[in-house]
Structure formats: C-alpha cells, structure tokens
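For reference, the structure is listed below as structure tokens.
The values are calculated or read from the model by the stated rules, or taken from the named source; none is laboratory data. Only a predicted model underlies this, so the values are computations on that prediction, with no experimental measurement involved. FYI the Cβ positions are ideal-geometry reconstructions off the backbone, even for glycines, and counts take in every protein chain you see. Remember, those area values only see protein heavy atoms, side chains included, never the ligands or the DNA or RNA. Shrake-Rupley method; radii C 1.70, N 1.55, O 1.52, S 1.80 Å.
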Amino acid sequence: MTYIIFAVAGFDASLHLTGIMTTRKTTSPDIQPPGCYHCGEPCEADRVHFDGRDFCCRGCQTVYEIFRDHQLDAYYDLGENPGRSPRDTDHAYDFLDEPEIASRLLDFQEASHQVVTLQIPQIHCSSCIWILENLNRLNPGVISSQVNFPRKRAHIHFNPEKIRLRELVELLVSIGYEPSITLEQYNRESPATSRKLIYQLGIAGFAFGNIMFLSFPEYFDSGESWLSANKGLFRWLMFAFSVPVVFYSGWDYIRTGYRGLRSGVLNIDLPIALGIAVLFVRSTVEVALDLGSGFFDSLSGLVFFLLLGRFFQQRTYSYLSFERDYKSYFPIAVTRLGEDGEEANVPVHEVVPGDRLLIRNNALIPADAMLIRGKGEIDYSFVTGEARPVRKAEGETIYAGGRQLQGPIEVRVLKVVSQSYLTELWSDSAFSKSAKSSFRNLTDRIGKRFTLAVLTIAATAAGAWLFIDPSRSLDVLTAVLIIACPCAIALAAPFTLGNLLRIFGRNGFYVKDTNTLERMARADTLVFDKTGTISTARKNQIAYTGIPLETEEAAALKNILRASGHPLSQALYQNLAPYDIVPLDHYEEHLGSGIEGRANGEYIRAGSRSFAGSQEAPAGSGTEVHVRSGKGYRGYFTIRNAYREGSRGLFERLGNQYDIAVLSGDNPSEKEALEDLLPPLTPLYFDRQPREKLHFVREMQQAGRRVIMVGDGLNDAGALAQADAGIAISEDSHLFTPACDAILDGRRFASLDWFLRISRKGLGVIRISFALSLLYNLVGLYFAVTGQLQPVIAAILMPLSSITIVIFTYLATTWIGRKAE
C-alpha cells in the first residue's frame, strides 16, 4: 500500500499517521546501515551491540528497548535513524515540582486533569509525530497528545495523579525529545521564527552566481589561452560551490524524498530529489573524467529557484494568515461589573487582570479568574472533553474555557486569556464534524497518483530520448521531474476558503474552519429557531397579566432572570424595575421549559404554562412567560416579538434557493405573523423541546437533505451539533457554544443569504483553480517531454504555478466579496 503525505508550510495541521503502520517493514539487523540504529550518529569505541543492532551509547539502546517493549518499534519504519540520543536529566527538571512555576506553564489544571503545551525542537519527521502522539502507550498517565508539526509543539493532556509535570518532561527527555522550557518563551506572544530557509536560500544564491561566473569560459570560448588552460580548475571550483548547494540548501528535498521512499511513501519531493541527484552525479562524473563541465549551473539554479519559490510562499502564507485571534475573529462579550455594581457589556479583549465579571448560567469563562461570589459548578468538557462538572468554592481558581452551570457567579480576573486560546478550543477536534472535505478527497486522489505518474512519464521520456538524442535524455528526465508539481492543486482549497474566512469575519460572520464553509455551500435546507433567532429581544413589547407581584417576589424574579442567558429571560430582566442584586440560594434551568430559584427566601418559577402550573387558556397574542411563587401561580408576561430588521427580504431571497422550516419552543400564538413573514407553505412547528429539534434535523438528513440549523445556541445546541452546519445567532455573544460551526452577529442576520451565496461562489473559484493547475501541468509536461524545456527554466516555472494559484484565489475571492457587498 502506498501513501502520499503533503506538508504545506504555514498551515497549522497535525499529521495523524497511524495508518502508516499497515505498511510496517522490519529492517533486518544484517543489513543495518552504518551508524547508530536509533539516532544515526557514528558508533565510536563505546559501540553497544544489542538485539542484533548497533547503538552509539546506552541511552539510545534504552530508548530502543522502551519502544520495543511497548510495541512502538514501528517508529523506526517511518524514517531512517529518526531518533535523538537522550541525555541524563540529573535532577535538571526538579523545579517543575514547584506549584508556582508549574502553574505558569500549564494551560489548564484540575486535580485529575492537566494540560500543557511544550516546545520540542527535535520534531522533524513523521516518526516524531507518531511517537509523540502515542505517549499514552509509554505511560498510562498521559491521556492524549497532539503535535503541531510546523510549530514543533506538543499539546499534552495528562493525569497528575499518575504522572507529574516533571515526570512527563523527564519521559520526553528519556526518549530523546527534550522540550525547550523557558518562562520568557511562554510569556511571548509569538515564537521565534526559524531562519534556516533564509540561510539555505542565501547559500544557493551565492553559489549560483559564482558558478554562472565560472561557467563563462564554457559559454563563450574566446580562445584565450589562460581561460582554456584553467578550465579544469574552474570546473572543480564549480563542483566545490555545488557541494553546499546539494548537501545543505537542497538537502531537505533529498532527505524527505529518501525517507518517503524507504517507508513506501511516494511524496511530492521525490521527483525533485531525483532531479537534484541525477544532475549532481552526472556533473561530478563528467568533471572527474574530464568529459565536460557538467550541469552545475543548472543544478544550483534549480535549487535556488525552488527555495526562492518556497520563501515567497511562506511570506504569502504569513500575509494571508488564516490563524484567527480572538481579538478580531472570536466574538465573545462579557459583562463587567463596576464598583457600584453597574453592568456593562465589553469585548473580551478589553478585560484586564483585576476586573470583576458576571458569569451567567451556561456562559463561557473567558479568562483565568478567582471565584468571589456564588457557587461554581464548572463544565470543563470544552477543554478536557470530560462532561463531569467540577464544583468550586469562593476563593478558588477557575480556568478559561469552562462553562458555569446552575446559576450566576462573580469572578475576579487573574490572567487574561492567551491570544487564540479560545479559538483553539473552538477548533478542537472534539467539536468538529466527522465529514471530510470533498476537495481534500479530490486533492488526495490526485496526489496519490501524481508522483507515480510523473516518475513513469519521466522514465519513458528519458528512454525515448536515448534513441532520439542520447545527449538530451538527462535534460528531459530532469525537466519532467521538476516541472510537474501538485502543490498548486493542494493550495487551491485552503487559500480560497481561508480568504473567505477573513472576509466573513470582517462582516460579522465568524466561521470555525474551511470545512464548514464547504458544507454550507452544499446545503439545500435551512431550519430556523424563532426566539432569539428570527426575533430579537431588543425591541420586544412586554405586558403583565395576573396577580400583581409583591416587592419581594419581583426582586427575587429579577435576580433569577439575571442568572439566565435566554433571550426571553434577558428581555424580562431589562424590563423589570431595578432591585438590589443578591446572591441566589438556589438556581436551576430546565432547557425548553423554564427556570426556577430562590433569592432572599422567596421561591420563583418562570417559564412555560405547564412548567408554572397554569390552568388558564392561552391568550394567543404573543409569547407567554408564566410565573409561580411560593404563594402559588401569579400570572404571565406576554412578549410580542419584534422580528429582526430585513427578515422579510431575507426569507424571500432564501425561499428561491432553499427549503425552509421553523422550529420553536414557544406556543403557536405568533403563527399568523410568521406565515406573513415567511415564504408560502413554509412548515412551522411549535412547542418543540430541544431533543425534538435534534430528531427533526436528523430525520431530514436521513432523507438525504443537507441541513443548516440556525439558532441561538441554547435550547438548540443539540440540533446545531447534529446539522451539517450549525449557525448560532448572537446578540452580545455571552453564550457561545462549541456545538456551533459559525457565529453570526445578530445585526447581520439579514445578510445570511449573502454569506451562503459567497460560499457557493468560493467553490467555483476552487474548481477554476484546479483546472488552471492541471492545465499548467499538462502544458509543462508537454514541453519537458519534447525536450523544449531546460531544467533551470522548469525550476523557475514550478514555484510560479503555486504563486499564481495563491494570487488568483486571493484576488478572485476578494473581488467576489466586494462585488456582492
């Protein structure tokens, strides 16, 4: 079985290579290459022979034994000598047992679950990724680990009751992956960037210029005796300049190609590596046997232009960075409390240490903080994946990313959340849809056959030219290997959809990832919630009918409503007269039914008619919130919903392209108003519980529909998670849910069809990019096979194809966005 691995610089993607184990091959001890079996270093006098293999030291032998004993010896099948020789820690990491120091390094900590992100410079290949993502097999205290290959980081969840942070670091050191731990490094917002590519490019450019200069006697034979007499010297100087070009500047291509070939993987660097090797070997033979000057100029030019293209791509990736930080892309607002208790909604990036925040029921905790008022019951499943809530008392620390259950709390901010931490939580694989991008599938299908096809065409063309003109056979072989490149195909989808993420974010629509955009573009059905989605709590008309509430009852109701983030609760909370804020003795929220609680000894229950125990017939003039106190049923508030501005026009436009349905947990009192607002024959469903909404979406999917669920993120969380794409409508963004795939600012609700239309047009841009990439490869291969293309020209054209696709996708999506807007 053959695998293709694409590594595109600048993209934050972890590589999961478990599947490669199916191609496992055990290297025979009799044919072990020279050097240490583990790290590849020369075996000197202290050579250790163990299990039929040679090791340079006892440390490498120990690591080999650890891997073998834990059935992890497939590590050596993914690369040649992939390991690093471990060193003796000698208590070097004892400082990690200090709680104050450990707390600065940990991203999250609870009694049985901690999370740390470690910088590991030794990460360099697929073997490194594989072993680091299988740390749990070395120590059961490790819960899970995920590698960020481009940044050389490992994100590790572990149980401190089984393995402490110091022991975890020492485990990594013992297998040759010593993390770089400096507190200054962890306080910096951005890690230092590697300058290796710049050095490689500089050396290749320097050598290319000098080799071209030394090649003048070959290009222009003037007949001058001193030039002719020194041709041999010039040729050996060209050879000397080409050595660092091959073994430093171009070595990454050769190493990656060789490792892939050795592991049964045909990666896209293999043709390039073969081209470099063929040019260097043939040129060296020609110079050594005095048969000619070789192709050192083409060789150095080839590597220089390849690296120049890679450098330009990296700079372009940085400019079009798709890593969204929470300041500009993550729409979380928080309620900050003033000294007098006044509440103010502020963006999360304005929160500073020392601020007092009100965290409502089911609200996300945006920063590490100390609980100063109320009873904390924190759901950390957003961070750890564990649904079991953790109880917190006043004075204890609460970590960013948790969700408060069972009532409001007040906290004092200890540390502002790190830039992009919440975004990383939102993008965690635990909340990702399982469906894989169809464009990824198409790219993978092309890539799996591409390298094999290129090698076949190159060998066939070179063989044919041996009969036509043997002197040009090598040029044809090298040109074919270099000119054909699937990089542009691989870049089309991420750059197109990534730029759309940026455009959408600037317009109030925050999408989790590019796969969500693709699913949105392919949808054919839209399901809407009513309250808080089609309607807005900011313009409601509210009236009360029933027994007048006593002052104590009204005050208790006000405090209990304050705890809830539901749009109806917030509408009533803003409508009631001001009362003193007091701690709640009890609070409970019943999804789809209502809320209940106790404040200053007064019991209050508010919600649906059945929840409050009302026997009255529905008035049918609006949404009703019924109230019961300890003295019995009191009455109900009638809320006449105000629909969002532009809703009528939005539904008219959507009705021409999608099937639409409305699910509501309210009574059918506003059925006539909705029928007037929505397209004719739109199905309306009322009194639907959260579970019924989820089942409705699932049934539509089973019928072959591709469903987008649009809700407020509370009672709709299950349906949002079930839908092909879940969009949460947000007013102040307090109640963000990881179940959703996108968040739409409520003020941009009328633009929803615009976002969906742009998503569909983005898929068209990708298809055009694919066509351009395939056309480039076909034309390039034609000129290379017919001998009309020199290797150095092929090296210039190859990165230009990727650059062209990047520029085309950026300009096309930007133009589409501006035109539609």
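Note on His49: accessible area is roughly 130 Å² with a 1.4 Å probe, heavy atoms of protein only. Across Tyr248, Tyr573, Tyr258, the residue with the most accessible area heads the list, and the full order at a 1.4 Å probe is Tyr258, Tyr248, Tyr573.
Surface analysis of region 540-696 yields an accessible area of 47 Å² per residue, using protein heavy atoms and a 1.4 Å probe.
Near the amide H of Ile372, within less than 5 Å, lie the amide hydrogens of Gly395, Glu410, Val411, Arg412, all on another chain or at least 5 residues away, with H placed in the peptide plane. Solvent-accessible surface (1.4 Å probe) assigned to Thr496 amounts to roughly 0 Å². Pairs with C-alpha atoms separated by more than 32 Å, drawn from the list Lys512/Lys819; Lys152/Lys415; Lys162/Lys392; Lys152/Lys693, are Lys152/Lys693. With the whole protein complex present, Ile805 retains an accessible surface near 10 Å², based on a 1.4 Å probe. For region 543-672, what % of the accessible area comes from carbon and sulfur atoms, probe 1.4 Å? Answer for region 543-672: carbon and sulfur cover 47 percent of the accessible area.
Heavy-atom accessible area, probed at 1.4 angstrom with all protein chains present, ranks Trp465, Trp236 as Trp236, Trp465, highest first.
Within the shell of other residues whose beta carbon sits under 15 angstrom from the beta carbon of Ile793, the net charge comes to -1, with Lys and Arg scored +1 and Asp and Glu -1. With K and R counted +1 and D and E -1, the other residues having a Cβ less than 15 Å from that of Gly463 yield a net charge of -1. So, with +1 on the Cβ of K and R and -1 on the Cβ of D and E, and no other charges, what is the size of the charge dipole of region 592-659 about its Cα centre, to the nearest 20 debye? Using Cβ point charges on Lys, Arg, Asp and Glu, region 592-659 gives about 220 debye.
Residues Asp475, Asp659, ordered by accessible area of protein heavy atoms at a 1.4 angstrom probe radius and largest first, appear as Asp659, Asp475.
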